[in-house]
Amino acid sequence: MSRPESFNRMMTAAAKFQLNIAIILEAKAIEAVKSRHWICNRLNLSAYEDHAQQVKETMDVHDQLIELIDGLTKMESALAKNLTIILNQKEEEDMLGGSGSGGGGMGDLFNLGGSLK
């Protein structure tokens with residue numbers, strides 16, 4: 001398989017990945033609307049022992065949403081970084097004299113933005 005065909009397959013896979021992310025986000029949005037309706041119609045002050053319990057439950061929901069948004073942001077950043085590497089590969093090879101031995105940073109292709117601690 002030639003290099004352009006390989007890049008084309010990687011770009012197609014990235015596009016499919018983005019489509020799946022969009023489907024996941026659409027499902028999460030529908031789930032959020034259903035949750036909002038349930039919360040607005042079913043939960044009131046009498047459902048909690050006191051105000052502190054109500055605030056704690058609310059913070060738990062918000063923490064889950066923040067974790068979801070943070071994970072999606074890291075994933076999208078990694079995808080953008082990888083696509084930039086793929087698209088700029090030709091320019092880097094031209095600057096290196098076309099040797100092709102540098103790898104163009106493809107070692108970061110599967111880095112999803114996380115760090116090991």
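Computed over segment 3-94, the quotient of the alpha carbon radius of gyration and 2.2 N^0.38 Å is 1.70. The count of lysine pairs in segment 3-94 with alpha-carbon distances below 19 Å, taking only pairs 8 or more places apart or on different chains, stands at 5.
Read-outs throughout are calculated quantities, based only on the coordinates presented, and are distinct from any laboratory measurement. For clarity, every value in this text was computed on a predicted model and none was experimentally measured.
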